[in-house]
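Engineer: Pasting a structure here, questions to come.
The values are calculated or read from the model by the stated rules, or taken from the named source; none is laboratory data. Quantities reported herein were computed from a predicted structural model and do not represent experimental measurements. Methodologically, a virtual Cβ is constructed for each residue, glycine included, from the backbone with ideal geometry; neighbour enumeration extends over all protein chains shown.
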Amino acid sequence: MSVIKPLPRWADLILLPFINLCTAFFVCGIVVYIIGENPWDALMVMLKGAFIYPGSLGYTLYYTTNFIFTGLAVATAFHAKLFNIGGEGQAYVGSLGILLATALFAPFLPALFVVLLCIICSALIGAAWAFIPGYLQAKRGSHVVITTIMFNFLASSLMVYLLAGPLIQLGQQSPQSDLIPESAQLASFETFFSLFGIDITSSPLNLSFLLALLALFVFWVLIWKTRLGYEIRAVGKNQDAANYAGINVPKIIIITMTISGAFAGLLAVNEVMGVQHRAILNFTAGYGFTGIAVALMGRNHPVGIFFASLLFGALFQGGAELDFEFQSITRDMVLLIQGMIILFSGALAYMFNPALSKIFNNITKNGANDD
Amino acid sequence: MMIDFLFQTLWALDATLRVATPLMLCAMAGIFSERSGIVDISLEGKLLSGAFVAATIASLTGSVWLGLMGAICASVMMSLLHGFACITHRGDQVVSGVAINFLASGLTVILGIAIFKRGGQTPTLSSGERFRPIELWFVDALDNVPVIGTIYRELISGHSLLVYVALLCVPIASFILYKSRFGLRLRAVGESPIAVDSAGVSVTWLRYRALIVGGVFCGIAGAYLSISHGANFVREMSAGKGYIALAAVIFGNWRPIRAFWACLMFGFLDAITSRLQDIDLPLIGEVPAQLMSALPYIMTIILLSGFIGRPSPPSAIGVPYKK
Amino acid sequence: MMIDKAKKTSGGDTACYILELQKISKSFGLVQANKNIDLQIEAGTIHGIIGENGAGKSTLMNILYGLHRADTGEMLIDGTKAKIKSSADALALGIGMVHQHFMLINRFSVLENVMLGSEGGSLLSSGKIATVNKLKELGQTFDMEVDPNALVSDLNVGMRQRVEILKALKGGAKILILDEPTGVLTPQEATQLFDILDKLRANGVTVLLITHKLAEIMAITDNVSIMRGGEMVGHRKTSNTDPQELAELMVGRKVLLNVEKPKAKPKEIALNVNSLGCFSSRGHKVLDDLSFHVKAGEILGIAGVSGNGQTPLMEILSGMRKPDEGYFEILGKKIDRDTKVSPFTMRENSIGHIPEDRHKHGLILGFEAYENMVLGFHNTEMTGGKKLLDKNHMLMHAAERMDEYDIRPRNPKLLASSFSGGNQQKIVVARELYKNPKLLIVGEPTRGVDVGAIEFIHKQLIELRDQGCAIILVSVELDEILGLSDRILVMNKGQEVSTVNGDDANPKDLGLMMAGISQGASN
């Protein structure tokens, strides 16, 4: 058997994921066909609903914001070869940070400081929620996958208790917190642009989107430009070599999980400060799990994560449009697509690798004669 | 007073059995899969799929038995998909499990709407289309015996067939695992696949079989949810039971009988949670219901941290086998 | 430490070979592990296959046992062509194997392990009784009794090996392959093993003994085949040869290096090791009361068969592991089991470490060359003096090192996995030598490295020594030790056997010391 060269970089990073994505959509298309609808029409509706219709882009980007945060959370952990499934819970409890910060600081400080402190606190609480599973993995060997799943459920129970109990808005029956003070509320893009006299259609898209873009940049700097990032990647690729290099592996595991949780916690900034202006039940609504798909698709790289988040944002928003326009399709179609993408981009990511490698090997053989 | 307490207890235990049934079955499935070295996060998805297919087929054909068969088939197909990704393509087992859960969540509702057009629910089944409670033999005869007769009637008899099946599955699983050739090889492959390979046994086929057996168990559990315990399928009706079963597996140290007791314990907690809605315990004060429902998870975390006993998973779990 | 010569009965006299290999070849990627191997084994004999580490012996046996598939060549069992695609095929043909790393399930009992694969029915109960009886029978015939209900994890190494052998025999093996069986045994256990092999031969079982220990070959085998560099270089009848001839065939070219080695000028003591001891995770003593010193400007070669304590020694000296007993003094700093050390602090104190396994420790294969060039030094100014990593600085640094060490291809952005073994090793060497360490710990520097890179690396080490560095060189390659060392310390079972001067040493004596056969005079 002759030596099979690895795929060229661009094929590995762009072509293969693209093929996986197409396969996922293709299979979903089959399902759409089986239930009696036209897959092509469905696809068109999704695209229009995500980008074309008035206000749709705003909605899409609003979802994208959430996915950037949870995607970054999963990606950060992945770089250390850790699987953080706890994004849901970490984002959920991040809202507590915001509520706490507003309670403590809103009466005394101007809006800018309140917002900043809220952001910091939501990240801190999210980080704390991931710290414990990280610590347990590093020091006690408890598998971070199981512990983060458990912590998701814990977060759920905790928030139900708090939102239906101590934090409940007076006079309300449904579990939700009070409105957060104005100083903590983030302006929507609509409001922001109206300041300049520009009129855009209303949507939940708010300034936290800029925070998300900033987070992408911070992630990039952290992972590839800092010494900590170097150590995180080293631990992820070869723990033995990391040991040899003098890297404190348990410490890195804990730090990585903590940072991961911090990213997830920032999701609360979008939902609580930017959109709902209060903490409501289950505002994380599956964003945490989608973050897994985003990180996988985006190959744990900020550019990839951005586009993957955009893709899923479009999916979510397009899914809503699908629900609206087609009798037999609901938003659950998005769950299916998500599952397919995770399957083909994650578990079966290299299924097409052998075939692709053969094609490339044949091309290069017929091309240059190089070593 | 005493009689009242007795009845309360019996009721609680009775409810425990009903709640624990899907847990036991899924736990057995998890044990088979994980003992063979494959992490299985997708118990939840298999449970959900089984529930959907059971309810759908029972509704369309009127036969509980076809529904049960359908549930088993659906669950086994999910298992095969998991195997295809993890064994044949050596993909990441956790990622595959998460994907399957998503697929199940999505497909069950999509197909449900397509077939029944009821927003994801399946039609409510009539009594004839469900597994009805069974009165065991001797119920009437024992009626006159004090205490035992009551226990027999209220607690032991009167469950649906699938509950008894589930209770049987535990010793059956234990028997297969420890007393059969298949079980020996299965346990071996989870500890050291290369030892099994060098003994001339196919690692791949062994692991696939483990997953298939797990699929069967989950299918029965799913059928129980929708055509025995309940009367139809509702979206996301598995409600995290798959994860609790996983916790029970860990709690039981990957052993069927111990996992069974863990399932009973978790089932008991669930059963009394609704009863103990914010009760006042001495010293502690008001216990929020959410704390009770969170207890299985808290206990699993404590166990995993090694504070009470050391969990000892199969040595080769999670690592795809490459020659 | 003498190994008792087992009583030898005359071997089989059949003309037909029970096993024959013709032109077997096998490559792993760019590495050719087996090249055109021809082998003929007479039935009822003990046939030794000898060669150094990396000669290709294990690969060949794995092919025979179905764990690998040969690229080309034929296998004949009893004269008929055999297709062995899996272990099941091998077992069916009567081939059993006892691996170097035992294939036992620690959590299982002896009985369960032996039954695995040949349970004798879908329910275990029927097979259990039959297996217990068979074990008893085999145990009595070959003097290998074991308690069927004992847990493997409770057994010592010698007993575990017995279980492996019994398992193979129970499966009806006519040909038994033993891969480096005595590497982990005590001398007494080794003697017992040879008694067993003798009995096996008497009962008509053919034994293939894979080893690199000359003493074993001479003691027990009827015939011996010698492998070197992936090829078969000779076959001998054991009674017609001697250790000297075998050693020469194993090692190959004459022990002469092309490196100009000026005489060493050792200065003050740089490293002083005092009664160093440490235990493995299983509680075995892997380093036992080890004491030695190394001076600045000299190379101390540590010779010994792999697995005799060299790895724990290097891990301790480089800060990756703590000693359990004793202490050592490095460049003025005393380190014992209570001192807080890490590889990072060691590097800060001018200690370099070229690890013996570059894939496991020395490099991160998934990192690019320039990132590997700063591994372990990433917190120093090697990555630029700024707050963030200075990529340009690192690229330039890597490019300079690649020029200096002639690392090809000259691309700092290439993944480490894309380089050949020799070039990978050069990256490690370039990195560790850059800061001119005062003490260098080197393990197997030329394993899997091509000849050109070998000579280059050797030259670098000599130059470093002449600049005043103290070097500890651990290698299983005798010519490397002989060519580079100023003094040689032979290790066996975690202890020092002897220390000799480089000029006085010769391969034969060293080989015997390494094999644990003779005790040289201590220096």
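Engineer: Could you tell me whether residue A:84 is assigned to a loop (DSSP other than H, G, I, E, B), crowded, with 24+ Cβ neighbours inside 10 Å and either within 14 Å of chain B (Cβ to nearest Cβ) or at pLDDT 90 or above (or both)? Outline the logic, then answer.
Structural biologist: Working: assigned to a loop (DSSP other than H, G, I, E, B): yes; crowded, with 24+ Cβ neighbours inside 10 Å: yes; either within 14 Å of chain B (Cβ to nearest Cβ) or at pLDDT 90 or above (or both): yes.
In short, yes.
Engineer: Identify, from the list B:130, B:187, the residue that is of a type outside the set (S, T, N, Q) and under 30 Å from residue C:105 (Cα atoms).
Structural biologist: Only one candidate qualifies: B:187.
Engineer: A further question follows. Against the conditions (1) more than 9 Å from chain A (Cβ to nearest Cβ); (2) part of a helix (DSSP H, G or I); (3) modelled with pLDDT under 90, where does residue C:341 fall short? Just the number, please.
Structural biologist: (2)
Okay, residues lined up against (1) among the aliphatic types (A, V, I, L, M); (2) touching a residue at least 60 places away in the same chain (Cβ under 8 Å); (3) more than 22 Å from residue A:243 (Cβ to Cβ); (4) surrounded by 17 or more Cβ atoms within 10 Å (Cβ to Cβ):
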{"site": "C:363", "(1), (2), (3), (4)": "yes, yes, no, yes"}
{"site": "C:388", "(1), (2), (3), (4)": "yes, no, yes, no"}
{"site": "C:391", "(1), (2), (3), (4)": "no, no, yes, no"}
{"site": "C:403", "(1), (2), (3), (4)": "no, no, yes, no"}
{"site": "C:422", "(1), (2), (3), (4)": "no, no, yes, yes"}
{"site": "C:434", "(1), (2), (3), (4)": "no, no, no, yes"}
{"site": "C:444", "(1), (2), (3), (4)": "no, yes, no, yes"}
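Engineer: Out of curiosity, is residue A:27 among the β-branched types (Val, Ile, Thr) and crowded, with 21+ Cβ neighbours inside 10 Å?
Structural biologist: no
Engineer: Now for a different question. Only residues that are farther than 20 Å from residue A:230 by Cα and within 12 Å of chain A (Cβ to nearest Cβ): list them for the stretch C:383-417, please.
Structural biologist: Matches in the stretch C:383-417: C:408, C:409.
Engineer: Hey, among the residues in the stretch A:242-257 that are facing another protein chain (nearest Cβ under 10 Å) and in contact with a Pro (Cβ under 9 Å, 6 or more places away or on another chain), which one's surrounded by the fewest Cβ atoms within 10 Å (Cβ to Cβ)?
Structural biologist: For the stretch A:242-257, the residue satisfying everything is A:243.
Engineer: Working only within the stretch C:315-343, note down all residues that are within 20 Å of residue C:432 (Cα to Cα) and of a type in the set (Val, Ile, Thr).
Structural biologist: Scanning the stretch C:315-343 gives C:316, C:330, C:341.
Engineer: Do you know which residues across the stretch A:330-343 are more than 7 Å from chain B (Cβ to nearest Cβ) and in a loop (DSSP other than H, G, I, E, B)?
Structural biologist: A:331
Engineer: Same structure again: Just to be sure before I move on: is residue A:283 aromatic (Phe, Trp, Tyr), part of a helix (DSSP H, G or I) and closer than 27 Å to residue A:186 by Cβ in the structure I sent?
Structural biologist: Judged against the criteria, residue A:283 is not a match.
Engineer: Would you point out which residue out of A:103, A:75, A:50 is more than 27 Å from residue A:302 (Cβ to Cβ) and of a type in the set (Gly, Ala, Ser)?
Structural biologist: A:103
Engineer: Continuing with this model, one more query. Inspect all residues belonging to the stretch B:257-265 and state whether any of them is touching a residue at least 60 places away in the same chain (Cβ under 8 Å), closer than 30 Å to residue C:163 by Cβ and surrounded by fewer than 24 Cβ atoms within 10 Å (Cβ to Cβ).
Structural biologist: Within the stretch B:257-265, one or more residues are touching a residue at least 60 places away in the same chain (Cβ under 8 Å), closer than 30 Å to residue C:163 by Cβ and surrounded by fewer than 24 Cβ atoms within 10 Å (Cβ to Cβ).
Engineer: Next question, about the same structure. Given the stretch B:55-171, what helices (runs of 4 or more DSSP H) lie entirely inside it while holding 1 or more residues that are in contact (Cβ under 8 Å) with a residue 12 or more places away in the chain, farther than 30 Å from residue A:350 by Cα and under 20 Å from the mean Cα position of the chain (by Cα)?
Structural biologist: B:64-83
Engineer: Moving on to the next point. Could you say which residue among C:356, C:329 is over 18 Å from residue A:229 (Cβ atoms) and part of a loop (DSSP other than H, G, I, E, B)?
Structural biologist: Checking each option against the conditions leaves just C:356.
Engineer: Could you check the stretch B:197-211 and list, in sequence order, the residues that are β-branched (Val, Ile, Thr), within 7 Å of chain C (Cβ to nearest Cβ) and part of a helix (DSSP H, G or I)?
Structural biologist: Applying the first criterion (β-branched (Val, Ile, Thr)) to the stretch B:197-211 yields B:201, B:203-204.
Checking which are within 7 Å of chain C (Cβ to nearest Cβ) leaves us with B:201.
Correct list: empty.
Engineer: If you don't mind, there's one more thing I want to ask. Going by the structure shown, is residue A:357 in contact (Cβ under 8 Å) with a residue 24 or more places away in the chain, among the hydroxyl-bearing types (Ser, Thr, Tyr) and surrounded by fewer than 21 Cβ atoms within 10 Å (Cβ to Cβ)?
Structural biologist: yes
Engineer: Spot the failing condition for residue C:76; the list is (1) part of a loop (DSSP other than H, G, I, E, B); (2) surrounded by 16 or more Cβ atoms within 10 Å (Cβ to Cβ), and only one is missed.
Structural biologist: So the condition that residue C:76 fails would be (1).
Residues are listed down the side, and each one gets a yes or a no for (1) exposed (fewer than 13 other Cβ atoms within 10 Å of the Cβ); (2) in contact with a Cys (Cβ under 8 Å, 6 or more places away or on another chain); (3) in contact (Cβ under 8 Å) with a residue 40 or more places away in the chain:
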| position | (1), (2), (3) |
| --- | --- |
| A:185 | no, no, yes |
| A:189 | no, no, yes |
| A:193 | no, no, no |
| A:197 | yes, no, no |
| A:202 | no, no, yes |
| A:207 | no, no, yes |
| A:211 | no, no, yes |
| A:217 | yes, no, yes |
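Engineer: Looking only at residues that are of a type in the set (Gly, Ala, Ser) and either in a helix (DSSP H, G or I) or in contact with a His (Cβ under 9 Å, 6 or more places away or on another chain) (or both) in the stretch B:172-181, which one is nearest to the other protein chains (Cβ to nearest Cβ)?
Structural biologist: B:174
Engineer: For the stretch C:213-234, does any single residue satisfy the condition of being surrounded by fewer than 23 Cβ atoms within 10 Å (Cβ to Cβ) and without any contact (Cβ under 8 Å) to a residue 24 or more places away in the chain?
Structural biologist: Looking through the stretch C:213-234, at least one residue is surrounded by fewer than 23 Cβ atoms within 10 Å (Cβ to Cβ) and without any contact (Cβ under 8 Å) to a residue 24 or more places away in the chain.
Engineer: Confirm whether residue C:173 is in a loop (DSSP other than H, G, I, E, B) and either within 24 Å of residue C:494 (Cα to Cα) or of a type outside the set (S, T, N, Q) (or both).
Structural biologist: Details: in a loop (DSSP other than H, G, I, E, B): yes; either within 24 Å of residue C:494 (Cα to Cα) or of a type outside the set (S, T, N, Q) (or both): yes.
Taking the combined requirement at face value, the residue satisfies it.
Engineer: So, one more: Filtering the stretch B:76-89 down to residues that are touching a Phe, Trp or Tyr at 6+ places or on another chain (Cβ under 8 Å) and more than 7 Å from chain A (Cβ to nearest Cβ), which residue is surrounded by the fewest Cβ atoms within 10 Å (Cβ to Cβ)?
Structural biologist: B:80
Engineer: Please count how many residues of the stretch C:1-37 are more than 24 Å from the chain's Cα centre (by Cα), modelled with pLDDT of 70 or more and either under 30 Å from residue C:497 (Cβ atoms) or surrounded by 14 or more Cβ atoms within 10 Å (Cβ to Cβ) (or both).
Structural biologist: Initially, the stretch C:1-37 is screened for residues more than 24 Å from the chain's Cα centre (by Cα), giving C:4-23.
Checking which are modelled with pLDDT of 70 or more leaves us with C:16-23.
With the extra rule that they be either under 30 Å from residue C:497 (Cβ atoms) or surrounded by 14 or more Cβ atoms within 10 Å (Cβ to Cβ) (or both), the set shrinks to C:17-22.
Residues flagged as more than 24 Å from the chain's Cα centre (by Cα), modelled with pLDDT of 70 or more and either under 30 Å from residue C:497 (Cβ atoms) or surrounded by 14 or more Cβ atoms within 10 Å (Cβ to Cβ) (or both) within the stretch C:1-37 amount to 6.
Engineer: Right, next: Just checking, which of A:177, A:156, A:122 is touching a Lys or Arg at 6+ places or on another chain (Cβ under 8 Å) and surrounded by 18 or more Cβ atoms within 10 Å (Cβ to Cβ)?
Structural biologist: Numbers: A:156 fails: touching a Lys or Arg at 6+ places or on another chain (Cβ under 8 Å); A:122 fails: touching a Lys or Arg at 6+ places or on another chain (Cβ under 8 Å).
Only one candidate qualifies: A:177.
Engineer: For a quick check of your reading: which helices (runs of 4 or more DSSP H) sit entirely within the stretch C:87-154 and have at least 2 residues that are surrounded by fewer than 20 Cβ atoms within 10 Å (Cβ to Cβ), touching a residue at least 12 places away in the same chain (Cβ under 8 Å) and charged (D, E, K, R)?
Structural biologist: Once the helices (runs of 4 or more DSSP H) in the stretch C:87-154 are filtered for at least 2 residues that are surrounded by fewer than 20 Cβ atoms within 10 Å (Cβ to Cβ), touching a residue at least 12 places away in the same chain (Cβ under 8 Å) and charged (D, E, K, R), what remains is C:124-142.
Engineer: A follow-up question, please. Could you please find all residues in the stretch C:155-170 being assigned to a helix (DSSP H, G or I) and either modelled with pLDDT of 85 or more or closer than 14 Å to residue C:109 by Cβ (or both)? Talk me through it step by step, then tell me what you get.
Structural biologist: Residues of the stretch C:155-170 assigned to a helix (DSSP H, G or I): C:157-170.
Hits for the stretch C:155-170 are C:159, C:160, C:161, C:162, C:163, C:164, C:165, C:166, C:167, C:168, C:169, C:170.
Engineer: Can I ask one more? Within the stretch C:65-87, which residues are in contact with a helix residue (DSSP H, G or I) (Cβ under 9 Å, 6 or more places away or on another chain), over 12 Å from residue C:25 (Cα atoms) and aliphatic (A, V, I, L, M)?
Structural biologist: Result: C:67, C:82, C:84.
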